[in-house]
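The values are calculated or read from the model by the stated rules, or taken from the named source; none is laboratory data. Model, not experiment: these values are computed from the prediction. Cβ atoms come from the backbone with ideal geometry, glycine included; neighbour counts cover every protein chain shown. Each accessible area value is taken on the protein alone, full model and side chains, heavy atoms only, with ligands, DNA and RNA left out. Shrake-Rupley method; radii C 1.70, N 1.55, O 1.52, S 1.80 Å.
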Amino acid sequence: AQTVTQSQPEMSVQEAETVTLSCTYDTSESDYYLFWYKQPPSRQMILVIRQEAYKQQNATENRFSVNFQKAAKSFSLKISDSQLGDAAMYFCAYRNAGGGSNYKLTFGKGTLLTVNP
Amino acid sequence: NAGVTQTPKFRVLKTGQSMTLLCAQDMNHEYMYWYRQDPGMGLRLIHYSVGEGTTAKGEVPDGYNVSRLKKQNFLLGLESAAPSQTSVYFCASSRRAGQSNQPQHFGDGTRLSIL
């Protein structure tokens with residue numbers, strides 16, 4: 001079974017600075033997808049960014065980017081120019097590619113990000 | 001655009017009571033899921049459905065039942081609530097997994113307390 005590990009239960013960053021959240025995963029599959037979800041105090045689960053394992057290029061979405069290291073099974077999230085609204089719990093998630101029983105998301109336990117003004 | 005709607009948003013039950021959580025999606029998604037979120041545990045899959053009339057067990061299915069009589073609705077039932085089922089419950093939906101990297105879309109969650 002796949003596992004996702006977020007080794008940082010909590011992180012903090014100063015407003016306007018950059019922070020990196022870590023995520024590692026374990027899988028024997030070669031094709032899969034990785035996601036970062038944000039959960040603010042409102043409890044919504046908001047998709048931040050996604051990465052296909054077959055793509056070497058790291059995904060970016062405005063101030064959010066990932067560092068995907070397939071061989072190391074690492075998928076870190078970098079938030080640039082941090083804003084107060086970035087304060088949230090961040091979850092890393094994994095899903096196998098393809099159909100059948102491969103649609104289930106496996107989540108890490110989350111990293112609570114605090115943004116200090 | 002409603003997306004995924006969960007009802008109710010909050011509920012308090014007594015041990016042994018039963019209730020049903022409703023999830024509705026308007027995106028014509030084939031797949032639907034129920035998760036529970038507990039402190040320090042992340043989200044764990046309870047049950048899921050790959051289509052109307054089909055359901056399957058996830059990671060933590062004990063004490064729950066589900067039904068998917070209509071494509072847009074996925075119901076989660078607690079027949080005899082226990083304090084261990086105090087949690088925040090999330091419903092999600094997605095297109096068929098084989099279609100690219102379709103993410104799951106989540107509802108806003110239901111906070112359930114069992115006394």
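Taken over segment A:1-48, residues that are open to solvent by 60 Å² or more (accessible area, probe 1.4 Å) and among the hydrophobic types (A, V, I, L, M, F, W, C) amount to 3. Please indicate, with yes or no, whether at least one residue in segment A:88-102 is in contact with a Phe, Trp or Tyr (Cβ under 9 Å, 6 or more places away or on another chain), in a strand (DSSP E or B), over 22 Å from B:Phe106 (Cα atoms) and not hydrophobic (A, V, I, L, M, F, W, C). No, segment A:88-102 contains no residue that is in contact with a Phe, Trp or Tyr (Cβ under 9 Å, 6 or more places away or on another chain), in a strand (DSSP E or B), over 22 Å from B:Phe106 (Cα atoms) and not hydrophobic (A, V, I, L, M, F, W, C). Within segment A:1-41, count every residue that is in a strand (DSSP E or B), hydroxyl-bearing (Ser, Thr, Tyr) and farther than 15 Å from A:Tyr94 by Cα. Looking only at that region, the number is 2.
For segment B:11-47, how many residues meet the condition of being within 20 Å of A:Gln39 (Cβ to Cβ) and of a type in the set (Ser, Thr, Tyr)? Qualifying residue count, segment B:11-47: 2.
With respect to B:Tyr48, determine if the residue is in contact (Cβ under 8 Å) with a residue 24 or more places away in the chain, within 14 Å of another protein chain (Cβ to nearest Cβ), under 15 Å from A:Leu105 (Cα atoms) and in contact with a Gly (Cβ under 8 Å, 6 or more places away or on another chain).
no
Across segment B:76-98, the qualifying residues are those that are within 16 Å of B:Asn28 (Cα to Cα) and open to solvent by 60 Å² or more (accessible area, probe 1.4 Å), and the one among them that is modelled with the highest pLDDT is B:Arg95. Of the residues making up segment A:62-99, those that are among the aromatic types (Phe, Trp, Tyr), crowded, with 18+ Cβ neighbours inside 10 Å and at pLDDT 95 or above are A:Phe68, A:Phe75, A:Tyr90, A:Phe91.
Taking every residue in segment B:15-26 that is on the phi > 0 side of the Ramachandran plot and pairing it with any residue that is open to solvent by 60 Å² or more (accessible area, probe 1.4 Å), at least 6 positions away or on another chain, the pairs with Cβ-Cβ distances below 7 Å are B:Gly16/B:Ser80.
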